[in-house]
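See below for the structure under consideration.
The values are calculated or read from the model by the stated rules, or taken from the named source; none is laboratory data. Note that this is a predicted model, so its numbers are computed, not measured. Cβ sites come from the backbone with ideal geometry, for glycine too, and all protein chains shown count toward neighbours. Areas reflect the complete protein model, heavy atoms only, side chains present, ligands, DNA and RNA absent. Shrake-Rupley method; radii C 1.70, N 1.55, O 1.52, S 1.80 Å.
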Amino acid sequence: MAIYPELSGRVVAVTGAAQGIGACTARAFAAQGARVAALDIDAPGAAEVVRAMTAGGGKAMAIQTDVTAEASVNAAIARIVSEWGGLDVLVTSAGGYGRLANVEDMPVEEWDRTVALNLRGTFLCCKAAIPHLKRSPAGRIVTIASISGRTISSSTSPAYAASKAGVIQLTRFLAYTLGEHGITCNSVAPITTLTPRVRALRSAENIAQISAQVPMKRLPDPQEHAAVVVFLASDAASYLNGTVLDTNGGKVMM
Ligand SMILES: NC(=O)c1ccc[n+]([C@@H]2O[C@H](COP(=O)([O-])OP(=O)(O)OC[C@H]3O[C@@H](n4cnc5c(N)ncnc54)[C@H](O)[C@@H]3O)[C@@H](O)[C@H]2O)c1
């Protein structure tokens, strides 16, 4: 991965950092010398990721956080700021869905839960982070959206697809309103990535089918999303604002 010396010492909060793309992103920032707060509802998982980062000489802390609960999010951001003096980068990776579904077989509770995790969670984290990002010399928000929020190209969940489209538009709204404060806001929209959760969701046949539709004929490693998130937080991306970077191997070209 490219090295961005300016990220050394920056304070980065990554939600959903106990596993998958979030964990990989947290490790990628730690490798740049950033101070990384790993926020996740899974406290032991986040602690494990932090242990690995600090064992490698990095500065990191785990904070148990439910991104759907305002008080929990506010307390997590307040703790980061009180321990490290500020916040420079927010990455919202907590998200996902539990099963492939259609509208007619989706209980309203599942709709509400999925939208809350993906959209309300992103909103709450951004809301809590913004006052501190405004004080950073290079404030950054990177939201993790999905190919499902860009287009419909394979089975997914309607609540998930709608909420990820919402995350993208929320990110554009933030880019529009926060640009004057020197904060950039961008989204990364991954294709199906074989994190443990997604492996459990899809059949081997379905995975092979999606993979065959990608011009590169393979699915990504989580590190290939993490590298793009780190780039967006770096000075190299200082004039990218309100964009969606489609880490989908060219399966869908927007
Ligand atoms: N893996 C994929 O195929 C894929 C594709 C496109 C987009 N994405 C997006 O990337 C992000 C990460 O996906 P992943 O596959 O790595 O997920 P994952 O399930 O591996 O990790 C998600 C993390 O979020 C945490 N989490 C769940 N609910 C939470 C809550 N209420 N508060 C705080 N943390 C909570 C989980 O404990 C977990 O550690 C998600 O936003 C997902 O929608 C993933």
**Prompt:** About the Cα centre of segment 72-118, what is the dipole size in debye to 20, counting +1 per Lys and Arg Cβ and -1 per Asp and Glu Cβ, all else neutral?
**Reply:** 200
**Message:** What distance in nm separates the two pseudo spin-label positions at SER203 and ALA2, each 7 Å out from Cα along the beta-carbon direction?
**Reply:** 4.2
**Portion, in percent, of the accessible area of the chain that falls on carbon or sulfur, probe 1.4 Å** = 56
**Message:** To make sure I understand the rule: partners must be lysines, Cα under 23 Å from the Cα of LYS127, and not fewer than 8 residues away in the same chain. Which ones qualify?
**Reply:** LYS164
**Message:** What distance in nm lies between label points placed 7 Å from Cα along the C-beta direction at ALA75 and VAL103?
**Reply:** 3.9
**Prompt:** Hey, got the dipole for segment 5-245? About the Cα centre, +1 on K and R Cβ, -1 on D and E Cβ, debye to the nearest 20?
**Reply:** 380
**Prompt:** With θ set to phi - 60° and the Karplus curve 6.51 cos²θ - 1.76 cosθ + 1.60, what are the ³J(HN,Hα) couplings of segment 90-105 in order, to the nearest whole Hz, using x for Gly and Pro?
**Reply:** 10, 10, 9, 9, 4, x, x, 7, x, 6, 6, 7, 10, 4, 5, 10
**Item:** Surface per residue (accessible, 1.4 Å probe) for the chain, Å²
**Value:** 43
**Dipole of the chain [Lys/Arg +1, Asp/Glu -1 at C-beta], most positive-end residue of ALA28, LEU100, ILE130** = ALA28
**Request:** Give the shape of segment 143-233 as rounded, prolate or oblate, defined through the alpha-carbon gyration tensor: a ≥ b ≥ c are the square roots of its eigenvalues, a/c under 1.5 means rounded, and otherwise the shape is prolate if a/b is larger than b/c and oblate if not.
**Result:** prolate
**Fill in**
Given backbone amide H placed at 1.01 Å from N, residues whose amide H is under 5 Å from that of ALA62, ignoring those fewer than 5 places away on the same chain, are ALA38
**Item:** Prolate/oblate/rounded label for segment 98-254 (Cα gyration tensor, a/c 1.5)
**Value:** oblate
